[in-house]
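One structure is given here, and the rest of the page talks about it.
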Amino acid sequence: MKILLSILACLMVFTIAFSQQENCDCSSKDDFNNHLLINLTGIEYVNPVSGFKGQQYYEKWLPGEVLLTNGETLYNIDLRFDLFLGELLWNRKSDFKTGIFTRSDVRQFRLYKESAADTVIFQKHRILLPLASDSSDVFLQCLVKGNLSLYAYRKVVKVTDPYELIDKTKYLIVQGNDNYWLSLSKASLLKIPAINKTEMKKVIRNGKLALSENENAFIKALYDYNRLVKN
Amino acid sequence: MQNRNYIQARFPLPGKRFYTGFLIFIFCFFKSASILYGQAFSRGEQCENVFIHLDKQVYVAGEKLRYKASLTHSFSGGADSKILYFTLFNIQGAEVAHGRSNINMNQASGEFVIPDSISTGSYKLAAYSNAMRVLPSEKIPSTNLIILNFSEEIPDTLDLYARTEIDPMESGSDKQLKIKLAEDTVRKSGIVALDILFPDLVKNKVIADLSVSAELVSPFSQLNKDLIVSETFLSGQQEVDIIQNDPCRYKTEDMGFILSGILRKKTDHLPIKGQSVILARNDSIPHLVSALTDSSGLFTFYLPVSFDNKDLIIQPLVPWDYNDFEIELFKKSLDFIPGKIYTAVLTKEIKEYLKSIKDMRLIEAVYSETESKPKSKSEFQRPRHYLNPEIIVYPDEYIEMINFRDITSNLLPVLRFYQRNGTFHLEVLDPGSSGMKENSLILLNGIPYSDFAYLSLLGTKDIQRIEVVRSNLLLGNSVATGLVSVYTKDQKVPENYLNAKCSIYHNNILPADSITTGMTEECGVHFPDFRYNIYWNPSVELKTDKAVHLEFPASLNTGTYIIKVGGVSSEGQILVATATVVISE
């Protein structure tokens, strides 16, 4: 009897809830997103280092979204980041042609991996490049966000003997308007003026972190440091 | 145990059959209730609605009709329309004027110029969003107007629309808003002062953006009350039967103005499927929007405000010699079915009133200064996905060249422009292969242009600059092998090309409202002030803590004036109130 009553109660609730369908939602948001995708305009991508060995792209083609500088967001789009050009590519689904986003149009993009926790975020920042005499807008991968933010400037360069692409990723710590370049080493990390050496050493010791050339350890160190400082 | 047995004996409980039957009954009851309730939802009380306030009841052709519109929603959630449409119908139900306005924060106010050519008669002004077009026309919010024509005599009879809606002013809704006049009688050329109060303000904590009008009371109320002569308030809040099978037949324009149409063949009128259609505007930088036709030839553009008040040029991306196409653009008009009409005999008093309105309008037209409206700031909006050109050349900076071939040969070695077998060709140097490729997209003053014969005649005296992008471009659903943009000094595109190859859409929006001309503190400063509509303010903000005080000059016209205040609160409640003031000698 109790079971029968429970089933009937559920049916009533379900029926009423089902009846409350939203007939007012005739939004053109989905069509608008399709319209934005159709209206993506850019140079057709031609691989400038075709045939070179090494990792040219950040991952394979991944679904993602792009936040444009005019405030619009593109959803449900296949994206890829070219580490050599430093440009964001999109795949046009109708004919699988690849286009290059105009860099000045993009503020940020996300790449969705298999699990939601693995979403990768790239943001455009204006930085003074370490070996260049000029500043430039580049896409930086956001690794840690907080009081001290850690970014990776992912880049490959080509060498012609042999024809290979060499990873030249650099790392950047940002606090407010201050940027600090660093390499993946404990000494480099402790030299950052914005970091309290004592606190950081405690974090490294407690987490038993081996920082040398270890990006994941660096991420954990900054993450734990931010939490420690916040508390 | 004994007690339980006793209770059971005294109050025998029903058996299992009873319980089963009872439960089935309860189930059916709730099921039917939910079906009815659900049907009410799925049948749809009107999701969006419009509350509109006009500045007066009677207009003269050529005059500006001022309005304030508020969009309301029956339910929370759902999309908010950003565009509002107005259509003016004559007594036969034919459309005589159409306009659109942008909605900002669910409000829109502006001016609708009544065409000069309109004849004297009764008209209906409908206000609706795109999504509301799914409603039967008699359910679209509308109001009746009288429009007079200068060159026509006042008739002895007038066909008028019968009453179909309840005037919110008569529904007792003035319990919420109150108007407190400083004086019930004001001398002509004096000042009318009033406070607008909302007694339940503190308790309800609502905020409202109201509109206020003041006009001479018309003698039309003498006519049968069943006749709607005109109303300054209208609201379409009724339960309606939305067409169930496709309630979203017309999309809500929550992401911007939607311009759609059909591309079909001219010869057999069959739809052209999968074709890129480009929308552009005549400008000094390219503003291109693409769409793709579907299986029925339908294409849709979503346009940002940067395309407002521009002539939009729509054309399919087809070869120059392909002419078998036609474009039909959808206008978003209504199929209007006029309701009951009565023929009213105009009394002498009404005829004199109408004549005086014409006379006063003539005085205003003669004496009013040219309105110097502050131009709305048009902030430069960088076109979406604007590509920076690789090469820009200004022919004026060099010796004079008489035609396009000379210019490309001497100044743009990446281009090759030539004629072969009577056909012109434009090639661009491919940056990848270092070979020449046939260029497929040329813009003339921002418009895709394929008449090379005309282009060949342009020389230094005509061309302001040329921009070149050599790489292949992904544009819409196509690939453009390079982009050459030519900008002429006259910034024009030949009319014969536009007429033959394109469809032009005049994307005009109604101008935003300004304060009524002549609204100065001192009456009669600019012209003899015989206004019968002495105040119009589309934006009076009512906040939670204090009443709003308004003052405005009375005109030289004596009589009883009606002050109307209306609007929608932040909670979606319609607020209305009226008061009368007498202007005496």
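Output the pairs from A:Lys29/A:Lys168; B:Lys266/B:Lys489; B:Lys56/B:Lys178; A:Lys170/A:Lys220; B:Lys139/B:Lys351 with a Cα-Cα distance over 29 Å in this structure; if there are none, say none.
The answer is A:Lys29/A:Lys168; B:Lys266/B:Lys489; B:Lys139/B:Lys351.
Provide Rg over Rh for the range B:381-458; use the alpha carbon set for both Rg and the Kirkwood Rh (inverse mean inverse pair distance).
The Rg/Rh ratio comes out at 0.97.
Could you check which residue among A:Arg92, A:Arg154, A:Arg110 shows the biggest mean-square fluctuation in a GNM of chain A with a 10 Å Cα cutoff?
For chain A, modelled as a Gaussian network with Cα springs under 10 Å, the answer is A:Arg92.
In 10 Å bins starting at 0, how do the alpha-carbon pair distances of chain A split up by percent?
7, 24, 27, 19, 11, 8, 4, 1, 0
As a test of the definition: with a 1.4 Å probe, what buried accessible area, both sides summed, do you compute for A against B, in Å² to the nearest 100?
Result for this pair: about 3900 Å² buried.
With a cut-off of 8 Å between alpha carbons and a minimum separation of six or more residues, what is the relative contact order of chain A in percent?
Answer for chain A is 12 percent.
For the range A:138-231, which GluC sites (Glu not before Pro) are both in a DSSP coil and crowded by at most 10 other Cβ atoms within 10 Å?
A:Glu213
Provide the FRET efficiency to the nearest 0.05 for the B:Ile399-B:Leu362 pair, computing r from the beta carbons and using R0 = 56 Å.
Step by step, r from the Cβ atoms, then E = 0.40.
Are any of the pairs B:Lys82/B:Lys310; B:Lys124/B:Lys310; B:Lys124/B:Lys340 more than 24 Å apart by Cα-Cα distance, and if so, which?
B:Lys124/B:Lys310
Over all directions, average the projected area of the Cα convex hull of the range A:23-157 and note it in nm².
So the Cα hull casts an average projection of 11.1 nm².
Taking only Cα atoms and a 10 Å spring cutoff, compute GNM fluctuations for chain A and point out the largest among A:Ala221, A:Ala152, A:Ala187.
Of A:Ala221, A:Ala152, A:Ala187, the most mobile in the Gaussian network model is A:Ala187.
Which chymotrypsin sites (Phe, Trp or Tyr not before Pro) in the range A:86-169 sit in a loop by DSSP (not H, G, I, E or B) and have at most 14 other Cβ atoms within 10 Å of their own Cβ?
Loop-located and lightly packed - A:Phe96, A:Tyr112.
With the cut-off at 22 Å, tell me which of the pairs B:Lys68/B:Lys358; B:Lys180/B:Lys564; B:Lys332/B:Lys492; B:Lys68/B:Lys543 have Cα atoms farther apart than that.
In this structure, B:Lys68/B:Lys358; B:Lys332/B:Lys492 lie more than 22 Å apart at Cα.
Quick one: Cα centre-to-centre distance for the range A:197-231 and the range B:436-510, in angstrom?
58 Å
The values are calculated or read from the model by the stated rules, or taken from the named source; none is laboratory data. In this text, all values refer to a predicted model and were calculated from it rather than measured experimentally. When we count neighbours, we look across all protein chains shown, and the Cβ atoms used for this are built from the backbone with ideal geometry, even at glycine. For accessibility, only protein heavy atoms count, side chains too; no ligands or nucleic acids. Shrake-Rupley method; radii C 1.70, N 1.55, O 1.52, S 1.80 Å.
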